[in-house]
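Novice: The structure under discussion is supplied below as structure tokens; questions concerning it will follow.
The values are calculated or read from the model by the stated rules, or taken from the named source; none is laboratory data. Quantities reported herein were computed from a predicted structural model and do not represent experimental measurements. Heads up, the Cβs are rebuilt from the backbone with ideal geometry, glycines too, and the neighbour counts pull from every protein chain shown. Surface accessibility is based on the protein's heavy atoms, side chains included, excluding ligands, DNA and RNA. Shrake-Rupley method; radii C 1.70, N 1.55, O 1.52, S 1.80 Å.
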Amino acid sequence: AIPIDAAIILKVNNINQTWPLISKSQIWKNFTHEKDFEDLDSKVNTFIKLTSQYPGFANTLRKFPLYISLHPLHEGGAGLLFTLQTGHSVHDKDLNPFIHKYFGNNIQIVLREFAGFSIREIIFNNSITSASKEKVINLVLIQGILIATDNTSLINEAIVMLQSGGSVAKQRAFVQVSHTESLTAQAVL
């Protein structure tokens, strides 16, 4: 599901144990001090907190790696995409209750269709921000894969990539780099 234009892909094994180490590392601190990535920490932390609200996700996060990828956006800047294999332990009917459990009632969940799939847009009702700057998280569960981002075009690209049968993992450069991965690494960039 990760579009092939990914500039950076971070694979994190057992995110609940590993993320505190990554977020405290000097490399991560330097990266998130860049102007374009200042809110990266809060986005990752929001996703981790969101997924930890549901027991199915907690088990999934221990079993499967979380992929965090950074992509150039058509409208400029960079977008962050979270991709997580759920092992089919999470089902579509489970999403709304756990979203509401974490975010409370100060959100609106709107379903929109794209390429035959229902994407949940979690819209944060905040009177401080203007309507044009609403905070939105796009969330979709396809074939046991949870995909989340705050960018509409990026989630659409991920769906198209998944439907195409193509994969960033089939790209020659990615394959070469992936062969250098240590099987015992907590995270791989």
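Novice: Mark the label point 7 Å from the Cα of Gln163 along Cα→Cβ and return the residues of the range 94-116 whose backbone N is within less than 18 Å of it.
Specialist: 111-116
Novice: Roughly speaking, to the nearest percent, how much of the chain's 1.4 Å accessible area is carbon and sulfur?
Specialist: Looking at the chain in its full context, I get 55 percent from C and S.
Novice: Computed from these coordinates, which is semi-axes √(5λ) of the Cα gyration tensor in Å: (i) 30, 20, 15; (ii) 24, 19, 19; (iii) 26, 19, 16?
Specialist: (ii)
Novice: Accessible area per residue of the chain at 1.4 Å probe, in Å²?
Specialist: 54
Novice: Testing the spin-label approximation: label points 7 Å from Cα along Cα→Cβ at Gln17 and Lys35. State their distance in nm.
Specialist: Here the answer is 4.0 nm between the modelled labels.
Novice: Right, another one. Rounding to the nearest 20 debye, state how big the charge dipole of the chain is about its Cα centre with +1 on each Lys and Arg Cβ and -1 on each Asp and Glu Cβ.
Specialist: 500
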